[in-house]
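The values are calculated or read from the model by the stated rules, or taken from the named source; none is laboratory data. Quick caveat, the model's predicted, so the values are computed rather than measured. Cβ sites come from the backbone with ideal geometry, for glycine too, and all protein chains shown count toward neighbours.
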Amino acid sequence: MSTSAKIAQVRLEGGRDHRKNWSENVEWKPAQIAYPSTEFDIQNLVLKASNERNKIRVIGTGHSFTELCKTDQILLSLDEYQGLVNVDKDNCQVTVKGGTKLKLLGELLWAEGLAMENLGDIDAQSIAGTICTGTHGTGTDFGTISTQIIALRLINGKGEIKSCSPSENPELFKAAQVSLGVLGVITEITLQCVPSYKLLVTNRKEQLNEVMSSISERNRQNRNFEHYWFPYTQTVWTKTTNIAESGEPDKDTFLNYASELVLENYTFKALCALAKIFPSKNKMVSKIVAQAVPTMKKLNYSHRVYATMRLVKFTEMEYNVPAEAYQDVMKEIIELVNSEKFAIHFPIESRWVKADDIYMSPAYGRDSAYIACHVYNKKDNTEYFKALEAIFRSYGGRPHWGKMHTLTQQDVIDLYPKYPEFNKIRKEQDPDEIFTNPYIKQLIG
């Protein structure tokens, strides 16, 4: 059977329809959108693109705020390529298809009595997109989600199926754990999981000075710790999470649902709209939200605790800085925000991650703090993010690959000691640069 006949079995869309990412700050018109449902389909799509000198970018859920997925040629969606491939309960190891969304993955693992060791606070992403951008949760004993991978399988730019792990093609493995999607299409990921567990999360409204003076103790004494500082205030919302050895999972009640849906989303969205129309009200909005945040507890299985509902759309800049520089970085950010030069009101989020040895991971070689800054998606973020980035960069900051930044190729070379090794592997796996776009070319060559 010819390649073209095989490709005909894949659901395709054309017509140059506009596509947008989740935050709606990136828009593009792919010539074609492909929805393969098997690895065989993916391989033949890549071979066809290679033969015709076309470019491919893979999209998961479009939760990146950068132009990583933007293309005017072939957009490859893995939405129809989801699910478990293999479960090894004895060793708590699971192989999963690359397009599997984290929310679905959590439920599939739970049904097998398993769970991921740690997660971030959004579960809409695909597992492949999650690791390609170096996505993370929080906790000084935990690395990024990519550190939970023990093997993966991809189809490179030559249409070859490549497997890698610490013992098989180890250099390719270190490059593929965080790859920005430039080595190929990740079709299978094997995860080192743990037996399913319950978490008790406690959210509290606390004072900024008290929190900042006890960061080390809070990280040391708790499994997961993060906090949100509300601009122009002394209010911090802390989120502390630990294993629950006993207790039944909370029931989904209308009151809990209404609190998260109405207070944390619709009410906040209305306040965001007000602050956009009347920029002078941003300070007031931040103070209103700071006063309204509740003290609450939640007990449930881990995958149902990590994720939070996000209906208010925003753009985001998040930088990784050395953990030991966190206090100094936050001091400068607080001073910048309180100068009231920028009409913003979103809280600023802080999380912590353990060092790793992954070539293009922002946490490569250093225990890290991540600081995330948001702007309502209908407002201009340019000057605010520019000022923030200057602070982050002055401390050797490295951006989350899915969040906004202005790095150039030279910046990447300077910030990532293993960039030469990564780029060498990239050229081996994709010599014709099938998996690139103008954004990628500017960023890593």
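Which of the helices (runs of 4 or more DSSP H) contained wholly in the stretch 259-333 include at least 3 residues that are surrounded by fewer than 19 Cβ atoms within 10 Å (Cβ to Cβ) and at negative phi?
268-277, 282-292
I need a count of the residues in the stretch 22-34 that are surrounded by 13 or more Cβ atoms within 10 Å (Cβ to Cβ) and more than 20 Å from Glu80 (Cβ to Cβ).
Residues in the stretch 22-34 being surrounded by 13 or more Cβ atoms within 10 Å (Cβ to Cβ) and more than 20 Å from Glu80 (Cβ to Cβ): 5 in total.
Read through the list (1) surrounded by 14 or more Cβ atoms within 10 Å (Cβ to Cβ); (2) touching a helix residue (DSSP H, G or I) at 6+ places or on another chain (Cβ under 8 Å), then give the number of the only condition that Thr202 fails.
Failed condition: (2).
When both residues are 6+ apart or on different chains and their Cβ atoms are under 8 Å apart, which pairs have a first residue that lies in the stretch 2-25 and is more than 29 Å from Phe314 (Cα to Cα) and among the polar types (S, T, N, Q), and a second that is modelled with pLDDT of 50 or more and assigned to a helix (DSSP H, G or I)?
Going by the 8 Å Cβ cut-off, the qualifying pairs are Thr3/Asn44; Thr3/Leu47; Thr3/Lys48; Thr3/Asn51; Ser4/Lys48; Gln9/Asp41.
Give the stretch 348-384 a look and list any residue that's farther than 22 Å from Leu180 by Cβ, polar (S, T, N, Q) and assigned to a strand (DSSP E or B), or say none.
The one that is farther than 22 Å from Leu180 by Cβ, polar (S, T, N, Q) and assigned to a strand (DSSP E or B): Ser350.
Could you tell me whether Asp414 is surrounded by fewer than 22 Cβ atoms within 10 Å (Cβ to Cβ) and within 19 Å of the chain's Cα centre (by Cα)?
no
Every residue in the stretch 400-432 that is touching a residue at least 60 places away in the same chain (Cβ under 8 Å) and touching a Gly at 6+ places or on another chain (Cβ under 7 Å), please.
His400, Trp401, Gln429, Asp430, Pro431, Asp432
Quickly run through the stretch 205-237 and pick out the residues that are surrounded by fewer than 19 Cβ atoms within 10 Å (Cβ to Cβ), among the hydroxyl-bearing types (Ser, Thr, Tyr) and closer than 16 Å to Thr138 by Cα.
Ser216
Please list, ordered by first then second residue, the pairs with beta carbon atoms under 6 Å, 6 or more apart or interchain, first in the stretch 325-342 and not assigned by TED's automatic domain parsing to the domain that holds Asp367, second in a helix (DSSP H, G or I).
As it stands, the answer is none, since no pair meets every condition given.
Yes/no per residue for (1) among the hydrophobic types (A, V, I, L, M, F, W, C); (2) within 18 Å of the chain's Cα centre (by Cα); (3) on the phi > 0 side of the Ramachandran plot:
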site	(1), (2), (3)
Glu67	no, yes, no
Lys70	no, yes, no
Gln82	no, no, no
Val85	yes, no, no
Asn91	no, no, no
Leu102	yes, yes, no
Glu107	no, no, no
His136	no, yes, no
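Scan the stretch 58-91 residue by residue and report those that are assigned to a loop (DSSP other than H, G, I, E, B), farther than 29 Å from Glu318 by Cβ and not polar (S, T, N, Q).
Result: Glu80, Gly83, Lys89, Asp90.
Report whether or not Val94 is over 20 Å from Ala176 (Cα atoms) and in a strand (DSSP E or B).
Details: over 20 Å from Ala176 (Cα atoms): no; in a strand (DSSP E or B): yes.
Spelling it out, it is not the case that Val94 is over 20 Å from Ala176 (Cα atoms) and in a strand (DSSP E or B).
Go through the stretch 288-330 and give me each residue that's of a type outside the set (Asp, Glu) and farther than 30 Å from Asp250 by Cα. Steps first, answer last, please.
Our first condition is that a residue be of a type outside the set (Asp, Glu); within the stretch 288-330, this holds for 288-315, 317, 319-323, 325-327, 329-330.
Within the stretch 288-330, Thr315, Met317, Tyr319, Asn320, Val321, Pro322, Ala323, Ala325, Tyr326, Gln327, Val329, Met330 qualify.
When you go through (1) surrounded by fewer than 19 Cβ atoms within 10 Å (Cβ to Cβ); (2) in a loop (DSSP other than H, G, I, E, B); (3) in contact (Cβ under 8 Å) with a residue 24 or more places away in the chain one by one for Ala387, which number turns out not to apply?
(2)
With respect to the numbered conditions (1) crowded, with 16+ Cβ neighbours inside 10 Å; (2) out of contact with any helix residue (DSSP H, G or I) (no Cβ under 6 Å at 6 or more places or on another chain); (3) not assigned by TED's automatic domain parsing to the domain that holds Ile440, which one is the sole condition not fulfilled by Ile56?
Condition not satisfied by Ile56: (2).
Conditions first: (1) more than 30 Å from Ile277 (Cα to Cα); (2) assigned to a loop (DSSP other than H, G, I, E, B); (3) touching a Lys or Arg at 6+ places or on another chain (Cβ under 7 Å). Trp401 passes all but one, so which condition is the exception?
Going through (1) more than 30 Å from Ile277 (Cα to Cα); (2) assigned to a loop (DSSP other than H, G, I, E, B); (3) touching a Lys or Arg at 6+ places or on another chain (Cβ under 7 Å) one by one, Trp401 breaks only (3).
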